[in-house]
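Colleague: Please find one structure pasted underneath; my questions will follow.
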Amino acid sequence: MIFLIIYYLFIYYLFDYRKPLDYNYFIMALIFAKNKLEPITRPCAGSVWTRTEFTTEVTSVEDQIRMVDTPPPTATHRPIPHSLLVHKARRAFDNAGFEILEEEHALARGGQQYFGGFALTGDLIQSNSRKLVFGLRNSHDKTAASAACMGNSMMVCDNMCFSSDVKLARKHTSNILRDLDFLLSNAISKVVTSWNDMGERIEAYKGRSLSNPAASDLTANLAALDVVPGGKVYNVIKEFRSPRHPEFRGRNLWNLYNSVTENLKGGDFSKLPKRTMQMQRIFDNVAKFKAPSVIKAEQVVLAS
């Protein structure tokens with residue numbers, strides 16, 4: 001690897017040393033290690049003999065998702081192409097009157113698992129302090145059925161938290177592609193309900209005061225359940241006691257919640273919904289907040 005980097009630098013400066021170096025070519029391995037997709041920039045060497053300019057070739061996030069091979073269907077399992085799920089979700093958002101403000105995508109296990117997050121806005125989901133995020137999950141390796149989850153991203157710090165899980169299908173059987181539009185539309189119809197539920201949860205968390213020792217104990221419990229990585233426990237406690245965002249100063253459950261999500265940023269995007277929903281179950285009990293049951297889209301029995 002080191003040899004390739006040295007070779008690339010040599011070729012770059014041989015052809016055109018005056019242009020700034022594109023560091024994206026080198027840092028992609030770090031980004032991929034955390035699953036989040038970014039456009040890939042590759043060098044295309046010019047020629048000193050023909051004086052061809054040194055150029056770059058970019059593979060977009062969209063192309064990376066599209067390039068993932070979908071396994072052939074079997075008698076009992078019909079994989080959904082990641083790119084098809086994304087395309088149909090975007091169309092369903094538009095049909096429901098929601099606008100996509102931004103989106104992020106992640107791939108894991110060599111493209112076998114996909115996770116995407118879409119920040120949405122609409123007439124009934126507007127706020128100065130948070131925005132709704134609709135998450136999509138898909139897999140080709142039968143580890144999990146396709147699913148959607150809904151949550152919030154706090155605008156002050158871009159911490160993502162998910163509050164509900166919507167099953168799109170129990171199995172990827174033969175008619176899953178036929179029914180996918182209906183299942184997505186049904187899941188998206190739960191968006192406003194999820195938005196209102198999270199607003200009530202936030203107020204309940206803000207009303208539950210929390211001492212430093214109690215916050216430390218709760219963080220330790222979260223680490224034991226793998227909600228907080230073991231190496232992040234100290235950072236979470238430090239963030240709670242001295243938050244970097246003035247909006248989260250104070251000693252209450254909501255501030256601890258944001259201390260945790262602050263330290264989950266940059267980690268495995270595909271694990272975020274499970275971690276935050278598990279944390280919410282614990283915090284709901286502490287705040288005595290009656291959480292709504294997990295939202296389930298209608299389970300269509302699909303013929304084999």
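Colleague: Enumerate the pairs (first residue in segment 64-87 and within 17 Å of Ala144 (Cβ to Cβ); second residue anywhere and among the aromatic types (Phe, Trp, Tyr)) with beta-carbon separation below 8 Å, excluding pairs fewer than 6 apart on the same chain, so at least 6 apart or on different chains.
Modeller: Note: pairs meeting the criteria are Val68/Tyr114; His82/Tyr114; Leu85/Tyr114.
Colleague: Which members of segment 60-78 meet the condition of being buried (at least 20 other Cβ atoms within 10 Å of the Cβ) and modelled with pLDDT of 90 or more?
Modeller: Ile65
Colleague: Looking for whichever is of a type in the set (A, V, I, L, M), farther than 23 Å from Val68 by Cβ and touching a residue at least 12 places away in the same chain (Cβ under 8 Å) here; the options are Leu120, Leu136, Leu107. Which one fits?
Modeller: Numbers: Leu136 fails: farther than 23 Å from Val68 by Cβ; Leu107 fails: farther than 23 Å from Val68 by Cβ.
One residue alone meets the criteria, Leu120.
Colleague: Still on this structure: Could you count how many residues in segment 266-304 are modelled with pLDDT of 75 or more, in contact with a helix residue (DSSP H, G or I) (Cβ under 6 Å, 6 or more places away or on another chain) and either in a loop (DSSP other than H, G, I, E, B) or within 29 Å of Asp179 (Cβ to Cβ) (or both)?
Modeller: 1
Colleague: Of a type in the set (Lys, Arg) and surrounded by 15 or more Cβ atoms within 10 Å (Cβ to Cβ): which single residue out of Arg208, Arg241 fits that description?
Modeller: Testing whether each residue is of a type in the set (Lys, Arg) and surrounded by 15 or more Cβ atoms within 10 Å (Cβ to Cβ) leaves just Arg208.
Colleague: Whether any residue in segment 202-215 is of a type in the set (Lys, Arg) and modelled with pLDDT of 95 or more is what I want to check. Lay out the reasoning, then the answer.
Modeller: Going through segment 202-215, the residues of a type in the set (Lys, Arg) turn out to be 206, 208.
Next, only the ones that are modelled with pLDDT of 95 or more stay: 208.
Scanning segment 202-215, I find at least one residue that is of a type in the set (Lys, Arg) and modelled with pLDDT of 95 or more, so the answer is yes.
Colleague: Go over the candidates Asn152, Asn138 one by one and state the one that is under 21 Å from the mean Cα position of the chain (by Cα), modelled with pLDDT under 85 and under 27 Å from Leu85 (Cβ atoms).
Modeller: Working: Asn138 fails: modelled with pLDDT under 85.
Asn152 is the lone residue from the list that is under 21 Å from the mean Cα position of the chain (by Cα), modelled with pLDDT under 85 and under 27 Å from Leu85 (Cβ atoms).
Colleague: If you scan segment 93-133, which residues turn out to be small (Gly, Ala, Ser) and either assigned to a strand (DSSP E or B) or in the same structural domain as Lys36 (by TED's automatic domain parsing) (or both)?
Modeller: Ala106, Ala108, Gly116, Gly117, Ala119
Colleague: Just give me the residues in segment 215-268 being over 23 Å from the mean Cα position of the chain (by Cα) and aromatic (Phe, Trp, Tyr), in sequence order.
Modeller: Tyr234, Phe240
Colleague: Filter segment 65-89 for residues that are touching a strand residue (DSSP E or B) at 6+ places or on another chain (Cβ under 7 Å) and not β-branched (Val, Ile, Thr) and give the result.
Modeller: His82, Leu85, Ala89
Colleague: Which ones in segment 220-265 are charged (D, E, K, R) and either in a loop (DSSP other than H, G, I, E, B) or within 19 Å of Arg130 (Cβ to Cβ) (or both)?
Modeller: Asp226, Glu239, Arg244, Glu247, Arg249, Arg251, Glu262, Lys265
The values are calculated or read from the model by the stated rules, or taken from the named source; none is laboratory data. Here the structure is a predicted model, which means the values were calculated and not measured. When we count neighbours, we look across all protein chains shown, and the Cβ atoms used for this are built from the backbone with ideal geometry, even at glycine.
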